[in-house]
Amino acid sequence: MAINPKKHEMPVQPADVRVHNFLEVALGYTAEMAISEAQRCINCKNKPCIAGCPVGIDIPRFISYIKTGDFEAAYGVISLDSSLPAVCGRVCPQETQCESKCTLGIKFEPVGIGRLERFVADYHNNNVTSLPSPSPRNGHSVAVVGSGPAGLTCAGDLAKKGYDVTVFEALHTAGGVLVYGIPEFRLPKAIVAREVEILEALGVKIETNVVIGKTLTIDELFDMGFEAVFIGSGAGLPSFMGIPGESLKGVYSANEFLTRSNLMKAYREENDTPIMKGGKVAVVGGGNVAMDAARTALRLGAEKVYIVYRRSLDELPARREEVEHAIEEGIDFRLLRNPVEILGYYNPDNPRDPKNGFVSGMRCIEMKLGEPDAGGRRRPIPVEGSEFTLDVDTVVISIGTSPNPLIKDTTEGLQVNRYGGIIVNEAGLTSRDSVYAGGDAVTGAATVISAMGAGKTAAEAIDKALRG
Amino acid sequence: MYKVLHRRELNPTVTELTIEAPLVARKAKPGQFIILRVDSEGERIPLTVAGCDIDEGSVNIIFQIVGATTKKLNQKLEGDYIEDFVGPLGVPSHLDGLENVCIVGGGVGCAIALPIARELHRLGAKVTSIIGFRSRDLVILEDEFRNCSDTLTVMTDDGSYGREGNVTLPLKEALEGGKRYDMIITIGPLIMMKFVTLTAKPFGVPVTVSMNPIMIDGTGMCGGCRLTLNRNGKRITKFACVDGPDFNGYEVDFDEAISRSRMYNDFERHAYEEACNLFKNS
Ligand SMILES: Cc1cc2nc3c(=O)[nH]c(=O)nc-3n(C[C@H](O)[C@H](O)[C@H](O)COP(=O)(O)OP(=O)(O)OC[C@H]3O[C@@H](n4cnc5c(N)ncnc54)[C@H](O)[C@@H]3O)c2cc1C
Ligand SMILES: Cc1cc2nc3c(=O)[nH]c(=O)nc-3n(C[C@H](O)[C@H](O)[C@H](O)COP(=O)(O)OP(=O)(O)OC[C@H]3O[C@@H](n4cnc5c(N)ncnc54)[C@H](O)[C@@H]3O)c2cc1C
Ligand code: SF4
Ligand code: SF4
Ligand code: FES
């Protein structure tokens, strides 16, 4: 049987419709599509795809169950290694992970592993609405800091083993970046809420509104009787560029822009949270966060949205699918461009002009790619005399984040590297006894699946340490 | 959910609520703040911890009704609940070693200044308090201030109570008359803090200001609360929620902070300016 050279297309909302709503863009495979896509997998003996998955899901095995229509069995296989398949199937950068290793990819398009994973997870969630019941308690208790994918996974795995687990979350909703960062149109919040509900059914206690390092310290958690602590506090501290004009009104960090829209629901009319809507928006950066900010701005009613990125299309770190969707939606990519100054409006005749102090434009310079740097990426170099002004009134800066120093500053003996990442061994243990860490708090901004994997590893190590 | 234990109206636009929040009560120090959400559709707003009772497990907040959220908060009665209440956030005020301090509070800023005055008094420092309001019916916490101050001056813009004029007036007189303080701590509208700093400058008295920019998370995650300091000829960015809210008044770029505080004026019903017009100075 000849192999279909292309992945089955993912049904999506048409671009001209979806730019006016916050509903999910990709609609998911039907059962027929899933089976048909699964049939493209040639069940390679050496299973190269598995090595591309940070948590080692047995990909050919779950796909072979899809081929026979036994979707629940496929779900069972995925669950052995992943606790958030509905999330990872949607947001994993598959093209650099599992699918990059797929044998089919040498000649054709690789198998749509992520899309199949998503299908299986959605199938399960739609068909199995009952909640799990708690495992028998084993008498030990563990505290988890942060409710992102790292913390949720660690908490879930420990609860299944019978631990009493309490998750402490600084914000008012659990989910980490999955709720405050990644927008609804890419990851419906109901999916995250469902994962949290399952954890609660397993007996996990979730205490929102507790900032570790402020409300309670790590040491106090031990005083309260917790025998181990897992830190999954993420990398939420936004970087700015250090160029003139960054404090003008209308300049946001991507975190602020996305938090206002996602977590604080500024996009909903009935909500109190203000946000700049409409106008012309420049988003600086080329990662997933930048794509999310740009597409959110569009949906909030911007007439024009630019992505300003200092390298070329090939180097864009965002998931390819998001870049494609962004292009379809009409985001204007200004590649090989870098901002040098954000310009502000000032009316010399009227110091009380309400427009004073707002962004009026952004000066940029063209870049060209030079020699590869230490990381192997070609370094962008400014082209002298190529400055130009982009006419915008909102600027969203999305050039990266680093781990927040709050916990480090209040926990004696907790070692961090020079980027602020908590130092851990291969089991996730930090320089402090019984304190484990994982996810973005350790690695700096990375991926959902690697955070989840770190939570899993630490849960195993904690179990070993507490029960031998 | 966090229970409202007590409610007290201090004047027509300022209310004090006591909220059950034992973890916050145990930790909070003068100068720190909390962030709350009144209901599940609400904004997150920062309010200073105006006092706490560890035994009762409660935290006091004093707020001025200026917009949508504070209006909703003001509808909460004893026994009602508010959705979220997180803290204590920010760095506590540095009060150790201060022996002679002048506290300058304006409007609802007096509520923020009161716990600091109390703590200094408890530590044995000499406390000179100057508190200013638009008019007589807006005066709050006068008795509370008197109880923890060595001298208290109450100012009103229109002279309807206490002395007529801005808080900078008695401060200037005192400094010109040779009075010196280890520190001037000023809390109130940005424009007032700016002028308090300018008043103190010729006399070389250190000034601490309490910055209150727009905030969301309060943990250093959004950068919305950023402000610029001029330090040793360099402009540096700080986040008020984690690096402050207290800053050296001589370093703060007030004009930028004032401009940024007006970012959402179009969205909000009340103009920030109205609240601080009374402190407009020459
Ligand atoms: C906009 C955006 C889009 C992204 N898109 C993708 C994508 O498409 N694919 C992908 O794989 N990855 C994506 N990522 C990255 C991915 O979301 C992160 O790598 C992942 O969420 C990290 O998980 P975590 O559990 O380590 O931390 P987080 O998800 O950051 O969670 C940390 C949690 O800890 C809480 N916390 C922090 N400090 C404290 C404290 N002191 N006390 C209590 N709680 C605390 C935080 O409030 C937060 O809820 C994206 C990130 C962003 C911001
Ligand atoms: C660290 C900190 C501590 C604070 N402590 C107190 C306190 O103890 N008591 C108190 O009454 N207020 C305090 N504030 C100010 C308080 O947070 C705002 O008044 C509140 O957010 C207004 O919300 P709103 O929805 O009612 O009004 P909005 O509708 O949001 O705003 C109404 C008007 O108030 C202005 N405004 C909005 N946010 C602020 C702000 N952060 N500071 C000054 N003006 C603002 C707006 O520009 C607008 O003109 C503090 C602020 C900070 C940052
Ligand atoms: S979890 Fe991510 S990397 Fe692993 S198989 Fe699924 S989509 Fe691929
Ligand atoms: S590499 Fe591709 S074709 Fe081979 S087993 Fe994995 S998914 Fe199937
Ligand atoms: S309020 Fe978000 S960083 Fe300070």
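The values are calculated or read from the model by the stated rules, or taken from the named source; none is laboratory data. Predicted model, so just to flag it, every value in this text is computed and none were measured. Here the Cβ positions follow ideal geometry from the backbone for every residue, glycine too, while neighbour counts run over all protein chains shown. Surface areas here come from the heavy atoms of the whole protein model, side chains and all, with no ligands, DNA or RNA. Shrake-Rupley method; radii C 1.70, N 1.55, O 1.52, S 1.80 Å.
Considering only beta bridges that DSSP places wholly inside the protein assembly as shown, some 50 percent are antiparallel. For residue B:208, the residues whose amide H sits under 5 Å from its own are B:184, B:185, B:186, B:249, ignoring neighbours fewer than 5 places away on the same chain, with H placed 1.01 Å from N.
The GluC sites (Glu not before Pro) of the stretch B:46-117 that DSSP puts in a loop, and whose beta carbon has at most 14 other beta carbons within 10 Å, are B:56, B:78, B:99.
For the stretch B:93-210, the relative contact order works out to 27 percent when only alpha carbon pairs closer than 8 Å and six or more residues apart are counted.
Let a ≥ b ≥ c be the square roots of the eigenvalues of the Cα gyration tensor of chain A; is it rounded (a/c under 1.5), or, if not, prolate (a/b larger than b/c) or oblate? Taking the square roots of the gyration eigenvalues as a ≥ b ≥ c, chain A is oblate.
3J(HN,Hα) couplings calculated from phi for the stretch A:453-468 with the Karplus curve 6.51 cos²θ - 1.76 cosθ + 1.60 (θ = phi - 60°) are, in sequence order, x, 5, x, 5, 4, 5, 4, 5, 5, 5, 4, 5, 5, 8, 10, x Hz; Gly and Pro show x.
In loop segments of the stretch A:359-468 as defined by DSSP, the chymotrypsin sites (Phe, Trp or Tyr not before Pro) with at most 14 further C-beta atoms inside 10 Å of their C-beta are A:419.
Evaluated at q = 0.11, 0.22, 0.23 Å⁻¹, the base-10 log of the normalised Debye intensity for the stretch B:93-210, with identical point scatterers placed on the Cα atoms, takes the values -0.29, -1.28, -1.41. Along the stretch B:18-33 the Karplus relation, 6.51 cos²θ - 1.76 cosθ + 1.60 evaluated at θ = phi - 60°, assigns HN-Hα couplings of 10, 10, 6, 7, x, 5, 5, 4, 5, 9, 5, 10, x, x, 8, 9 Hz to successive residues, with x for each Gly and Pro.
Magnitude of the charge dipole for the protein assembly as shown, about its Cα centre and with charges confined to Cβ atoms of Lys, Arg (+1) and Asp, Glu (-1), is about 1260 debye. Around the amide H of residue A:103, modelled in the peptide plane, lie the amide H atoms of A:49, all under 5 Å away and 5 or more residues distant in sequence or on another chain. A Förster distance of 25 Å, applied to the separation of the beta-carbon atoms of residue A:45 and residue A:72, puts the FRET efficiency at 0.45.
About the centre of its Cα atoms, the stretch B:1-85 shows a dipole size close to 240 debye [charges on the beta carbon of Lys, Arg (+1) and Asp, Glu (-1) only; nearest 20 debye]. Ranking B:208, A:173, B:156 from most to least accessible surface, computed with a 1.4 Å probe over the protein chains only, gives A:173, B:208, B:156.
Remark: the stretch A:52-64, residue by residue, has Karplus-estimated 3J(HN,Hα) of x, 9, x, 10, x, 4, 6, 5, x, 5, 5, 5, 5 Hz, where x stands for each Gly or Pro and the curve is 6.51 cos²θ - 1.76 cosθ + 1.60 at θ = phi - 60°. With helices as the sole contributors, chain A gives -9000 deg cm²/dmol at 222 nm; each DSSP H run of n ≥ 4 counts as -39500 (n - 2.57), and the sum is divided by every residue. Overall, the stretch B:93-210 carries a charge dipole of about 220 debye about its Cα centre when +1 sits on the Cβ of Lys and Arg and -1 on the Cβ of Asp and Glu, all other atoms neutral.
The stretch B:182-261 and the stretch B:144-161 have their alpha-carbon centroids 24 Å apart. Amide H contacts of residue B:132: B:105, B:106, B:107, B:155, each under 5 Å away and 5 or more positions distant or on a separate chain (H built 1.01 Å from N in the peptide plane; Pro and chain starts excluded). Taking a point 7 Å from the Cα of residue A:126 along the Cα-to-Cβ direction, the residues of the stretch A:163-207 with backbone N closer than 19 Å to it are A:185-195. As a fraction of the 1.4 Å probe accessible area of the protein assembly as shown, surface on carbon and sulfur atoms comes out at 50 percent. Under the classification rounded if a/c is under 1.5, otherwise prolate if a/b is larger than b/c and oblate if not, where does the stretch B:2-89 fall, given a ≥ b ≥ c as square roots of the Cα gyration tensor eigenvalues? Because its axes are fairly even, with a/c under 1.5, the stretch B:2-89 counts as rounded.
Over the stretch A:45-93, Cα pairs under 8 Å with separation of 6+ residues give a relative contact order of 29 percent.
When the protein assembly as shown is described by a simple charge dipole with +1 on each Lys and Arg Cβ and -1 on each Asp and Glu Cβ, the residue from A:281, A:425, A:347 located farthest towards its positive end is A:425.
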